[in-house]
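The values are calculated or read from the model by the stated rules, or taken from the named source; none is laboratory data. Keep in mind that this is a model prediction, so the values were computed, not measured. Here the Cβ positions follow ideal geometry from the backbone for every residue, glycine too, while neighbour counts run over all protein chains shown. Heavy atoms of the whole protein, side chains included, go into the accessibility calculation; ligands, DNA and RNA do not. Shrake-Rupley method; radii C 1.70, N 1.55, O 1.52, S 1.80 Å.
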Amino acid sequence: MTVSAVASRYANAVADVVTSASSPLRPEIALAELQAFETTLRNSPALENALITPAVAAGRKKAVVTRVADALQLSRIPRNLLFVLIDHRRIAALASIIQTLELVLDERLGFARAEVSSPRELTDQQRATLNSRLEQMTGKRIRMRFAVDDSLIGGVVARIGSTVYDGSVRGELAALERRLCAES
């Protein structure tokens with residue numbers, strides 16, 4: 001089974017649990033807790049290696065996960081996922097599972113993801129205005145991720161799925177060039 005198939009299966013299972021009406025844990029909390037655990041793993045190669053290597057017994061791995069989970073104050077649902085991943089030797093797929101879970105939760109909760117590039121960091125007011133405008137254009141709630149792109153002169157470029165909204169100066173100049181060439 002491929003990593004993406006494994007990630008999809010586990011992410012959908014977690015999403016089923018945390019989006020159910022009876023869930024004691026809000027989806028964004030579950031995601032944040034799993035991200036915190038994954039960050040801890042990434043920042044400690046020795047810990048990551050101990051959890052991934054088959055030479056360490058599952059019981060010892062679970063004891064380590066319990067100690068880290070206690071320190072991070074993880075809820076029962078994220079802890080249980082981590083234990084299941086250890087039991088099935090899938091802890092190495094945690095980062096992929098979290099990435100897929102983000103996408104699944106966004107889809108289930110009615111969010112669209114927008115990758116926004118600008119020549120410099122946007123202010124909170126600019127982000128709010130852009131968010132509002134993209135929500136009007138798409139009819140969906142938007143979750144934005146921002147990146148600074150030094151190649152842009154001004155404006156922003158937003159990508160939602162396969163659709164690109166180019167409000168950059170470069171995009172405006174290219175559109176002007178196309179119009180001028182069409183008129184010639």
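Figures for the structure shown
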item	result
Cα-based convex hull volume of the stretch 27-80 per residue, rounded to whole Å³	72 Å³
Heavy-atom accessible surface of the stretch 1-154: percent carbon and sulfur, 1.4 Å	52 percent
Pairwise FRET efficiency - Ala174 versus Arg127, Cβ, R0 = 25 Å, nearest 0.05	0.50
Of all DSSP beta bridges in the chain, antiparallel share, percent nearest 5	50 percent
Check: the stretch 1-63 dipole with +1 on Lys, Arg Cβ and -1 on Asp, Glu Cβ, in debye	240 debye
Whole-number percent relative contact order across the chain, with pairs defined as alpha carbons under 8 Å at least 6 apart	20 percent
Per residue, in Å², the accessible surface of the chain once ligands and nucleic acids are set aside, probe 1.4 Å	60 Å²
Rh by Kirkwood over Cα pairs, then Stokes-Einstein D for the stretch 1-106 at 1.002 mPa s and 20 °C, µm²/s	155 µm²/s
Alpha-carbon centroids, the stretch 129-167 and the stretch 8-30: separation in whole Å	28 Å
Relative contact order for the stretch 35-142, counting Cα pairs under 8 Å that sit 6 or more residues apart, in percent	22 percent
Ordering of 141-152, 111-122 by burial proxy (mean other Cβ atoms within 10 Å per residue, highest first)	111-122, 141-152
Simple Cβ-charge dipole of the stretch 52-164, Lys/Arg +1 and Asp/Glu -1, about Cα centre, in debye nearest 20	560 debye
Three-way shape label, the stretch 1-61, alpha-carbon gyration tensor, a/c 1.5	prolate
Rounded tilt (10° steps) of 76-87 against the dominant C-alpha axis of the chain	70 degrees
Cα gyration tensor category, rounded, prolate or oblate, for the stretch 18-169 with a/c compared to 1.5	prolate
On Cα atoms only, tilt of 3-18 relative to the major axis of the chain in degrees	80 degrees
Peptides ranked, highest mean first, by Cβ atoms within 10 Å: ranges 93-99, 26-32	93-99, 26-32
Cα gyration tensor category, rounded, prolate or oblate, for the stretch 92-163 with a/c compared to 1.5	oblate
Helix-only CD estimate at 222 nm, as mean residue ellipticity for the chain, using -39500 (n - 2.57) per DSSP H run (n ≥ 4)	-19500 deg cm²/dmol
Helix 27-42 axis, angle to the chain major axis (alpha carbon atoms, nearest 10°)	70 degrees
